[in-house]
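Notes follow the structure.
The values are calculated or read from the model by the stated rules, or taken from the named source; none is laboratory data. Computed from a predicted structure; not experimentally measured. Glycine gets a Cβ as well: all are built from the backbone with ideal geometry, and neighbour counts include every protein chain shown.
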């Protein structure tokens, strides 16, 4: 199951820095019904990334679910999001999720996505 990075800022940050925090309106299906204590959940799930729907693969990634958050709670993760501040990130979230308007209490899922090395991982 692919993870798409339609946001150029987030995608560029991932490719340049090796990881990025990304906010998604909906929970990824891979994590539904997985207990948080599960080793797979702690290590992350192997996947691949592209620039958008039906586009080709750009890299292999590992996805770690951080948890459910309100948009207003994302401030501690801004530095690793690819955005200069929470307002810029929230504006991008609004654009990409197609929420009709932004409310600070809007909830979604935060993930840490890292480039996956092709060597053996622990």
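Restricting the stretch 63-94 to residues that are more than 15 Å from the chain's Cα centre (by Cα), under 14 Å from residue 7 (Cβ atoms) and in a helix (DSSP H, G or I), the residue that is modelled with the highest pLDDT is 88.
Residue 69: in contact with a helix residue (DSSP H, G or I) (Cβ under 7 Å, 6 or more places away or on another chain) and surrounded by 12 or more Cβ atoms within 10 Å (Cβ to Cβ), yes or no? For residue 69, the condition - in contact with a helix residue (DSSP H, G or I) (Cβ under 7 Å, 6 or more places away or on another chain) and surrounded by 12 or more Cβ atoms within 10 Å (Cβ to Cβ) - is not met.
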